[in-house]
Structure formats: structure tokens, C-alpha cells
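The values are calculated or read from the model by the stated rules, or taken from the named source; none is laboratory data. Predicted model only: the values in this text are computed from it and were never measured. Cβ sites come from the backbone with ideal geometry, for glycine too, and all protein chains shown count toward neighbours.
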Amino acid sequence: MQIQGKKAVVVGGASGMARASAEQLREKGADVAILDLPGTAGPEVAKALGGSFHPVDVTDELAVEQALSDAVERLGGLHIAVNTAGGGIAKRTLTKEGPHPLDEFRRVVELNLIASFNLNRLQAFHMSKNEPEDGERGVIIDTSSIAAFEGQIGQVAYTAAKAGIAGMVFTMARDLGSLGIRTLAIAPSLFSTAITKGVSDEFAAALTRDAAFPKRMGRPEEYGRLVIAIVETPMLNGSTIRLDAGQRFAPK
């Protein structure tokens, strides 16, 4: 898909990997809308990109539907969706205090997996209304994690949620193939974002020691470059692409 003139929604776009993706999409000529939590830098980022900001909590089903509809109406359509909202907790299946609290497991799955699917189903609906370009109507990119494949001790909820994202994009690609809508996921390793901002150089080196090369945390712009490559390469579909410098998480 040619990016020039296309309409893009970036969820989580106020910072980090999503912000870098939004900036690079705009540089390529896309019109961009940002969805993120209230109180973030979303309004400033959207203004800098000449786009719009739509505050929303991705776990609020009805609010997501409204915010996405508002964004698409403002844009005049939807061709590209990038979804990065998520997060996790550190808790083992069985702790000294007892079994992993089920409500905490549900909350992580809700934030990562269910929220992603809710966004995807709504994004696909809006994309289905597009006139096809070389048979293609849209591209949906979700964010998994290498924890989906080698979850560390204490990541059981996060691993389950991110593995769910990695699993569902292939089936969604089959579901939506007849409409010319592609679905993929990116599975990053550790990246330099607001979450890892306080990590010291020494600790970062320890966290990335198992990488092949480069032995460092990823940079948000590297995620953004992969987003651009996915959008521009129609043969990429149904896959989860690792963005991890050849790293495999150790048990802890």
C-alpha cells in the first residue's frame, strides 16, 4: 500500500514506539489521528503532526468505539491502524501468598488481548468501506512481544495475552483476506520507552546480554521503520515479526 494520502489511526501514539510510527507515517504523507489516555502528550503530538487527538481508555469498549468513529470521521476514512496499548505485571503462577490472583490475570488479558481485538474488529469494519487499491483496503498492525514465545518467570499473564495477539493475527488475516485487509503483529524485545526510561546503562546491558546484535534496547524509530515496511509490502500478512536483535529471553 502506498502511504501518501492514506488515513492512519495510531493507538498509544502519544509516546514511544507508537509515536515514532505516527511521525514516520506522517513523513510518508499519511494523515494521522492519535488515540491515547487522557492526560498524555497526545494533544501536543497530534498538533505537531497536523492531526487530531482522541482521548480514550482502550479497556472501555463503548468509549473505544466512539473515539475510533470520531477519528475516522475526522480523517475521512481509515487505511492503516497501529495498536500498541498494553502492559503487564510481575507475578508468578504460585507465590508465597498463594495462587496468582485471577482478577489480575484477567486485567492483563483485557488490556492487551481483548482491547486489541476490540480495536481490530472495529478498524476492520471502517477499512471494509474503502475502495480497494490493487485489491487492498487496509492494514492492521498489533503489538505482541517476544515474551509471547519465551516468557520470563513472573510473566504468565503478560505472556498469555501477548501470545494471544500473536495467534489471532493469522486467523484474522484469513477472516479478512477476501476484503483485502491485512493483519500482522510486531513482537519487540526491550525498547527504550517511557516504561524503561529509568533503567540504568548497567541494567540495560544485563537485560540485553542475550541479544545477538546489537546488544542494546531497541529504539522507537526502529519499530516505526518496521511499521512502514509492513504497510508498503503487501505480501506481509498474517505473521508476527520479531524485532529483537536475535534475543531470546532467559528465564529471569
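Condition check ((1) surrounded by fewer than 18 Cβ atoms within 10 Å (Cβ to Cβ); (2) of a type outside the set (A, V, I, L, M); (3) under 14 Å from GLY13 (Cβ atoms)) across all residues:
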position: LEU37; (1), (2), (3): yes, no, yes
position: ALA63; (1), (2), (3): yes, no, no
position: LEU75; (1), (2), (3): no, no, yes
position: ILE80; (1), (2), (3): no, no, yes
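Which of the residues spanning the range 1-30 are surrounded by fewer than 21 Cβ atoms within 10 Å (Cβ to Cβ) and either free of Cβ contacts under 8 Å to residues at least 40 places away in the same chain or assigned to a strand (DSSP E or B) (or both)? Residues satisfying the conditions are GLN4, GLY5, ARG26, GLU27, GLY29. Looking only at residues of the range 41-56 that are in contact with a helix residue (DSSP H, G or I) (Cβ under 9 Å, 6 or more places away or on another chain) and surrounded by fewer than 15 Cβ atoms within 10 Å (Cβ to Cβ), we find that the one that is nearest to ALA124 (Cα to Cα) is GLY50. Restricted to helices (runs of 4 or more DSSP H) entirely inside the range 137-252, those with at least 1 residues that are at pLDDT 95 or above are 156-176, 220-232. Here ARG26 fits the description: at pLDDT 95 or above, under 29 Å from PRO234 (Cβ atoms) and charged (D, E, K, R). Residues that are in a loop (DSSP other than H, G, I, E, B), surrounded by fewer than 20 Cβ atoms within 10 Å (Cβ to Cβ) and either in contact (Cβ under 8 Å) with a residue 12 or more places away in the chain or of a type outside the set (Gly, Ala, Ser) (or both) do occur in the range 98-110. Residue check: is SER239 out of contact with any Cys (no Cβ under 6 Å at 6 or more places or on another chain), closer than 21 Å to ILE114 by Cα and surrounded by fewer than 20 Cβ atoms within 10 Å (Cβ to Cβ)? When the stated conditions are applied, SER239 passes them. Selection of the range 196-250 for residues being in contact (Cβ under 8 Å) with a residue 40 or more places away in the chain, over 30 Å from LEU176 (Cα atoms) and of a type in the set (S, T, N, Q) yields only GLN247. The set of residues in the range 43-52 being touching a Leu at 6+ places or on another chain (Cβ under 8 Å) and either over 14 Å from ARG74 (Cβ atoms) or aromatic (Phe, Trp, Tyr) (or both) is empty. Can you confirm whether ALA33 is under 29 Å from PRO132 (Cβ atoms), modelled with pLDDT of 95 or more and outside any helix (DSSP H, G or I)? The answer is yes for ALA33.
When the range 185-236 is filtered for residues that are farther than 25 Å from GLU133 by Cβ, among the small types (Gly, Ala, Ser) and either buried (at least 20 other Cβ atoms within 10 Å of the Cβ) or touching a helix residue (DSSP H, G or I) at 6+ places or on another chain (Cβ under 9 Å) (or both), the ones remaining, listed by number, are ALA187, SER189, SER192, ALA194, ALA204, GLY218. Here is the figure for the range 115-135: residues that are surrounded by fewer than 18 Cβ atoms within 10 Å (Cβ to Cβ) and touching a residue at least 12 places away in the same chain (Cβ under 8 Å) total 7. Look at GLU65 and say whether it is among the acidic types (Asp, Glu) and under 17 Å from TYR223 (Cα atoms). Considered against the rule, which asks whether it is among the acidic types (Asp, Glu) and under 17 Å from TYR223 (Cα atoms), GLU65 comes out as no.
For THR84, the requirement of being at pLDDT 95 or above, out of contact with any His (no Cβ under 8 Å at 6 or more places or on another chain) and of a type in the set (Ser, Thr, Tyr) is met. With respect to GLY88, is the statement that it is touching a Ser or Thr at 6+ places or on another chain (Cβ under 9 Å) and assigned to a loop (DSSP other than H, G, I, E, B) true? Judged against the criteria, GLY88 is a match.
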